[in-house]
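Asker: Let me begin by handing over the structure; questions about it come next.
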Amino acid sequence: MKYVFLVGDGMADYPVGELGGRTPLEAAATPNMDSIVRLGRIGRVLTVPAGLPPGSDVANLSLLGYDAAANFEGRGPIEAASIGVELDAADTAFRCNVVTLRDGLMDDYSAGHIGSEDSRPMITEIQAALGTKTVKFVPGISYRHLTIIRDFPRGLACTPPHDISGQPWEPHLPKGPGQEIILDLMERARPILARSESNKRRIAAGKKPATDIWPWGQGRAMKLLTLQDRYGLTGSVISAVDLVRGLGVLAGLKVRLVPGATGYLGTNYAGKVAAAREALLNEDFVYLHVEAPDETGHEGDVHKKIQAIEEFDKHIVGEILALRAEIPDLRILVVPDHETPVSTKTHAGGPVPYAVCGPHVVPGAAAAYTEKEAAWAPVEPAVDLFERFIRGSW
Ligand SMILES: [Zn+2]
């Protein structure tokens with residue numbers, strides 16, 4: 001048997017007044033996801049274990065069948081894996097955003113979605129000035145970089161900068177063990193950024209400068225049993241998002257990069273499907289992730305979210321269903337990692353609907369892929385769902 005997970009990030013939602021009380025999944029035309037439900041089953045899965053934040057990190061880790069409560073360390077070490085940085089057991093990796101702080105407010109958590117060509121020289125300059133035997137700055141992509149600190153204490157509380165957009169930043173500075181180390185790095189990075197040529201160019205071009213660094217999402221190195229260790233499976237991850245690729249790396253999956261994958265509407269869907277086909281012909285498992293439904297949920301734009309869901313249904317789910325002509329023993333599962341309701345513009349951690357079809361899945365009575373159709377189903381923990389997907393039946 002071959003296995004494919006199709007993850008529509010943040011697809012699940014709440015009833016929307018503007019849609020007459022329907023959710024975006026109900027309002028969208030999704031003939032292919034509906035057909036998976038008719039060919040197989042609909043169910044409900046809890047991807048965010050109680051007590052954990054409903055981040056894509058925790059949710060995708062759970063979907064891959066790992067107990068997030070036991071294994072999740074933080075976003076930093078996952079992103080380190082995605083860019084090939086090996087962490088030592090004594091290392092703590094922080095995600096380090098470059099941000100725009102203005103008039104005491106978090107003006108922009110992404111410094112205007114700064115390009116790597118502008119941000120990487122800045123991180124290199126910061127590393128040259130502030131790097132030591134125990135502190136290292138590693139450039140990543142766009143506004144997303146890493147700060148790695150040796151022997152950093154556990155227990156520091158940091159705030160994700162995207163959670164405080166437009167709010168005063170000072171009350172949200174890191175608090176707890178090691179705070180003085182981080183505050184000192186932030187203070188000392190500020191003048192380096194201010195005199196960086198990249199920032200001077202950005203200001204001259206009317207773009208937002210990266211005024212500060214903002215470390216968060218820290219954790220120690222994560223070591224996971226790979227899918228090869230757990231199930232003897234080979235496989236690939238296909239995603240525009242470095243976080244999801246990092247989880248794939250930690251799970252022992254091959255990263256298949258797709259040119260033109262944007263993480264937004266109109267991404268290179270055909271390229272993603274071609275990469276999935278190539279992987280499924282040669283390997284056992286594919287984790288194909290599409291980011292656009294989540295992004296449009298964060299924007300609070302219900303029509304764009306419906307468009308994102310319809311594009312996912314047509315260009316990903318439909319094309320993967322068509323692959324069964326070539327790969328008949330293909331088990332397919334469609335699922336969001338978490339809810340991103342357009343009404344709240346942020347993640348929520350309730351149970352989400354999944355649809356599964358393929359060998360040893362006996363069709364049920366449901367006919368459409370919606371939250372409402374799934375509501376009768378018992379809630380399964382994601383770790384159980386993955387196990388069942390690989391070894392079980394419906
Ligand atoms: Zn997500």
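The values are calculated or read from the model by the stated rules, or taken from the named source; none is laboratory data. Since the model is a prediction, treat every value here as computed from it, not as a measurement. Please note: Cβ atoms are built from the backbone with ideal geometry, for glycine as well, and neighbour counts cover all protein chains shown. Remember, those area values only see protein heavy atoms, side chains included, never the ligands or the DNA or RNA. Shrake-Rupley method; radii C 1.70, N 1.55, O 1.52, S 1.80 Å.
Asker: So how far, in whole Å, is the C-alpha centre of region 358-387 from the one of region 321-339?
Answerer: Going from one Cα centre to the other spans 14 Å.
Asker: I've got another one for you. Hey, if you put +1 on the Cβ of every Lys and Arg and -1 on every Asp and Glu Cβ in the chain, which of Leu130, Ile306, Gly21 ends up farthest toward the positive end of that dipole?
Answerer: Going by the charge dipole, the pick is Leu130.
Asker: Moving on. Per residue, how many Å² of accessible area does region 87-239 show with a 1.4 Å probe?
Answerer: Using a 1.4 Å probe on heavy atoms only, each residue of region 87-239 averages 45 Å².
Asker: Right, another one. May I ask for the distance between the Cα centers of region 66-136 and region 179-209, given as a whole number of Å?
Answerer: If you average the Cα positions of each part, the centres end up 14 Å apart.
Asker: Ignoring ligands, DNA and RNA, what percent of the accessible area of region 91-220 is carbon or sulfur (1.4 Å)? Show your work: numbers first, answer last.
Answerer: Working: 3120 of 5840 Å².
Roughly 53 percent, rounded to a whole number.
Asker: What is the chain's relative contact order, in percent, from Cα pairs under 8 angstrom and six or more apart in sequence?
Answerer: The value is 33 percent.
Asker: To the nearest 20 debye, what is the magnitude of the charge dipole of region 91-220 about its Cα centre, counting +1 on the Cβ of each Lys and Arg and -1 on the Cβ of each Asp and Glu?
Answerer: Computed about the Cα centre, the dipole is about 300 debye.
Asker: OK, next. Report the local net charge at Asp284: Lys and Arg +1, Asp and Glu -1, summed over other residues whose C-beta lies under 13 Å from its C-beta. Let's see the in-between values first.
Answerer: Details: positive: Lys2, Arg230, Lys254, Arg331, Arg391; negative: Glu283, Asp329.
Within the 13 Å Cβ shell, the charges total +3.
Asker: Give me a comma-separated list of calculated 3J(HN,Hα) values for region 246-262, in order, Karplus coefficients 6.51, -1.76, 1.60 applied at θ = phi - 60°, integers in Hz, x for any Gly or Pro.
Answerer: x, 4, x, 4, 5, 7, x, 8, 7, 8, 9, 7, 10, x, x, 7, 9
Asker: Based on the Cα coordinates of region 272-313, what is the per residue volume of their convex hull in Å³? It would help to have the intermediate numbers written out before the result.
Answerer: Numbers: hull volume 2.4 nm³, N = 42.
So the per-residue Cα hull volume is 58 Å³.
Asker: Order 71-79, 164-172, 224-232 from most to least packed using the mean count of other Cβ atoms within 10 Å.
Answerer: The packing order, highest mean first, is 71-79, 224-232, 164-172.
Asker: Can you give me the orientation-averaged projected area of the convex hull built on the Cα atoms of region 33-127, in nm²?
Answerer: The Cα convex hull of region 33-127, projected and averaged over all directions, gives 10.6 nm².
Asker: Limiting things to C-alpha atoms, what are the Rg and the maximum Cα-Cα separation (Dmax) for region 303-367, in angstroms?
Answerer: Spelled out, the Cα radius of gyration and Dmax of region 303-367 are 14.4, 42 Å.
Asker: Calculated FRET efficiency, Leu173 and Ala365, Cβ-Cβ r, R0 51 Å, to nearest 0.05?
Answerer: Numbers: r = 54 Å, r/R0 = 1.05.
Computed FRET efficiency for Leu173 and Ala365 comes out at 0.40.
Asker: Sorted from largest down, give the three principal axis spans of the alpha carbons of region 127-259, whole angstrom values.
Answerer: Per principal axis, max minus min of the Cα coordinates gives 51, 39, 32 Å.
Asker: Could you give log10 I(q)/I(0) at q = 0.06, 0.11, 0.13 Å⁻¹ for the chain, computed by the Debye formula over C-alpha point scatterers of equal weight, without solvent?
Answerer: The Debye formula, applied to the Cα set alone, gives -0.24, -0.79, -1.07.
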